[in-house]
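The values are calculated or read from the model by the stated rules, or taken from the named source; none is laboratory data. Source: prediction; values computed, not measured. Positions of Cβ are backbone-derived with ideal geometry, glycine not excepted, and every protein chain shown enters the neighbour counts.
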Amino acid sequence: MALIGGFIFLGVLALLVLYFIVVYNQLVNLKHAVAKAWSNIDVLLKQRHDELPKLVETCKQYMKHERETLEQVMRARAGVSQARESSNMAALGAAETQLRMGLTQLFAVAESYPNLKADESFRNLQNRVSGLENAIADRREFYNESVNNNNVRIEQFPDLIVARLFAFQPFELLEFSEEEKRDVDVKALFS
């Protein structure tokens, strides 16, 4: 009888260990999904960061009297870069709002410059920046979904036992101000 009890105990212990291993691996997978989602956003932010000086330089050739608008875009670009490098989601949200407002203003001012609107380089850069904006928005959604999956999982019982035992931490959602949440169609500014 003691032998059967020992086998049952070992069987239950093996199932418990197996459960911990499975949960641990799933939590690691979620953690890395968040990191991958952030990396995808980071790549797009870097690409946009590289495109904006070209856009501003093209605009400078035509918009000599609109220096404040161009400087606003470049200041916002620097803020996004700093927040991105530090992975500070709150600062990134605020900087993204400023950048989006600056780009909206830049494209609206460009309406007053028909030669600029007709410039092929400007149109190409405008389309590139608009495409990157759309891609960043898509990746934000995926990132927040990954963060949510991770955060819910590490708070659910009994998974929270494994999460606390191995110090899995929640991630911060990438949230934006009300201005950022409003739909801005950059292409429509040039129609």
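The set of residues in segment 130-156 being over 18 Å from K31 (Cα atoms) and free of Cβ contacts under 8 Å to residues at least 24 places away in the same chain consists of G131, N134, A137, D138.
Only residues that are assigned to a helix (DSSP H, G or I) and in contact (Cβ under 8 Å) with a residue 12 or more places away in the chain were counted across segment 47-78, and they come to 19. Among all residues of segment 5-28, there is none that is touching a residue at least 60 places away in the same chain (Cβ under 8 Å), touching a Ser or Thr at 6+ places or on another chain (Cβ under 9 Å) and under 30 Å from L92 (Cβ atoms). Look at K36 and say whether it is in contact with a helix residue (DSSP H, G or I) (Cβ under 9 Å, 6 or more places away or on another chain), buried (at least 16 other Cβ atoms within 10 Å of the Cβ), more than 24 Å from F122 (Cβ to Cβ) and not acidic (D, E). For K36, the condition - in contact with a helix residue (DSSP H, G or I) (Cβ under 9 Å, 6 or more places away or on another chain), buried (at least 16 other Cβ atoms within 10 Å of the Cβ), more than 24 Å from F122 (Cβ to Cβ) and not acidic (D, E) - is not met. When restricted to residues that are among the aliphatic types (A, V, I, L, M), buried (at least 17 other Cβ atoms within 10 Å of the Cβ) and either within 12 Å of D42 (Cα to Cα) or without any contact (Cβ under 8 Å) to a residue 60 or more places away in the chain (or both), segment 90-114 contains 5. Residues that are aromatic (F, W, Y), at pLDDT 80 or above and more than 21 Å from A137 (Cβ to Cβ) are absent from segment 59-68 altogether. Residues that are at pLDDT 90 or above, small (G, A, S), assigned to a helix (DSSP H, G or I) and within 30 Å of L18 (Cβ to Cβ) do not occur anywhere in segment 130-137.
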